[in-house]
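The values are calculated or read from the model by the stated rules, or taken from the named source; none is laboratory data. Remember, predicted model here, so these are calculated numbers, not experimental data. So basically every Cβ, Gly included, is an ideal-geometry build from the backbone, and we count neighbours across all protein chains shown.
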Amino acid sequence: MSRVRVLAALAVLAAAASAQTARPLANGATRPRTPAPTAQPRLSDAQLEANIRAKLAKSQKISQDHFQVHVQGGVATIEGKTGVIQHKGSATRMAKSAGALAVNNHIQISDAAKQKAAANLETGRRRAQIKRGDARGDTRNDPHQPR
């Protein structure tokens, strides 16, 4: 009887070992497990700073602002001034896409750019959105139009 117990224990151990090294496929076959993909090695601060500067320089519009970039511990700090509000957000996105863990954006937007944005909001220069299925002259959904 002790042989039966020993054989049963070995069978359980063998089943557990095979379950750890193989996964069943859709057709019932098994294949060995592949190791999980490893994270890419983190860039040094100097390499990361060079990558961010290259991305900013590649943009014809943002390169005209001459932003200063510093990286410490994977965190990028961007400083400078711009006359276009969108350049501030674009610089942050470029730094993150270059591999920065976080971005401290200290870019200052000019007063003229702020006033222009405020004027655009006041005058309502944005177009009204139209549903894709409706024709431009279609007034079916307009409650102010007589039916």
Notebook entry, point to check: If we keep just the residues of the stretch 89-112 that are in contact with a strand residue (DSSP E or B) (Cβ under 7 Å, 6 or more places away or on another chain) and part of a helix (DSSP H, G or I), which is surrounded by the fewest Cβ atoms within 10 Å (Cβ to Cβ)?
Noted result: Lys96
Note to self: Going residue by residue through the stretch 33-51, is there one that turns out to be at pLDDT below 75, surrounded by 10 or more Cβ atoms within 10 Å (Cβ to Cβ) and either outside any helix (DSSP H, G or I) or among the aliphatic types (A, V, I, L, M) (or both)?
What the structure shows: yes
Next item on the list: Provide a single number: the residues in the stretch 62-88 that are among the acidic types (Asp, Glu) and not in a strand (DSSP E or B).
Entry: 1
Margin query: Can you confirm whether Ala98 is out of contact with any His (no Cβ under 7 Å at 6 or more places or on another chain), modelled with pLDDT of 65 or more and more than 30 Å from Leu43 (Cα to Cα)?
Written below: no
Item checked: Cross-chain or 6+ apart pairs with Cβ under 7 Å, the stretch 82-100 first and closer than 17 Å to Ala54 by Cα, then hydroxyl-bearing (Ser, Thr, Tyr) -> Lys88/Thr82
